[in-house]
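Below you'll find the structure, written out as structure tokens, and then a few comments.
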Amino acid sequence: METRHRKNLLEKNIEIAIKKLNIFTVEDLEILLEKSKIEIIPILEKLTSKNIIRDNGDSYIYIPQISKSKEKTIESDSDCMRHMLPFQVKKPKEVFPKYINELDGFIDYFFAPPETKQNIKDMFKLLKQTQGMNERELKKTLKTANITLNKYNKFKYEISRNGLINLVGSETREPGEIYYFFKEYYLSPKQYSLSEARELAIQRFERLIKIKINRAKVSSAKTYLRWVKKEYSDNKIEKFRNLNFSRFDTENFFHE
């Protein structure tokens, strides 16, 4: 709770600062707020996605917001009475799981081998396809998919009872998304260090899946660097990490 409060406070302070600065860099905020890049950058990415600021490559630009009047909602007498009750009996309702992150064991799914993940995907597609089918239609569909009724029922029961916990197995693999995010940060002219690029990549992955993950399960920054060097030459890495001014429009620098 304290960590969340600090994050909200930092986000508020950043919003105040960027409105005053208008055009700014990460380094400006580091000096002004006395916070690290690791704390600042995820908030800037969030503000960029909300179209509050624009990433201009080597700097950011604040986008003035148009204020909208908020309409007040008036609660009816029944609403007021409902809020006064000490508890409210829940009415029975159908449950529609829509996203995989709604299921227990979701984080383990991302660390499962590709073949395990594919099997789970296939079974979910089958569950969706067969929803509401009568027994005859179900057996026909399962036969076409080469899936036994016993396997189908076991998977369905396991998902309903325990989520993904017992389906992902004990073998773990690192999710490839983190490495791809690492490359995006490290191979940029903002020249993030190895440790900064790794941490930012993990944080971005956590925002994607909406769950905190154990850092010990993720490869080290040095391991990521070895992987990058297998993909790109030192010369190419150097080019990615430095701005190229050769095409800068100096002729129209003061164009009016």
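The values are calculated or read from the model by the stated rules, or taken from the named source; none is laboratory data. What you see is a predicted model; the values in this text were computed from it and never measured. Cβ atoms come from the backbone with ideal geometry, glycine included; neighbour counts cover every protein chain shown. Protein only, heavy atoms only, side chains kept; ligands, DNA and RNA dropped before computing areas. Shrake-Rupley method; radii C 1.70, N 1.55, O 1.52, S 1.80 Å.
Results, tabulated for the structure shown:
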quantity: Eligible lysines near K139 by straight Cα distance, threshold 23 Å, same-chain separation 8 or greater; calculated: K121, K125, K128, K151, K154, K156
quantity: Added length on full extension, which subtracts the Cα-Cα distance from 0.36 nm per residue, F96 to N235; calculated: 44.9 nm
quantity: Cα-projected label distance for L149 with E206, points at 7 Å along beta-carbon direction, nm; calculated: 4.7
quantity: Pairwise FRET efficiency - E158 versus S36, Cβ, R0 = 30 Å, nearest 0.05; calculated: 0.10
quantity: Heavy atoms of K37 accessible to a 1.4 Å probe, total area in Å² rounded to 10; calculated: 30
quantity: Highest to lowest packing among 143-149, 179-185, scored as the average C-beta count within 10 Å; calculated: 179-185, 143-149
quantity: By accessible area with a 1.4 Å probe, ligands and nucleic acids excluded, highest first: order of R204, R173; calculated: R173, R204
quantity: Interatomic Cα distance distribution for the stretch 170-215, bins of 10 angstrom, percent; calculated: 29, 51, 19, 2
quantity: Gain on full stretching of the segment that runs from R215 to D104 - 0.36 nm per residue minus C-alpha separation; calculated: 38.0 nm
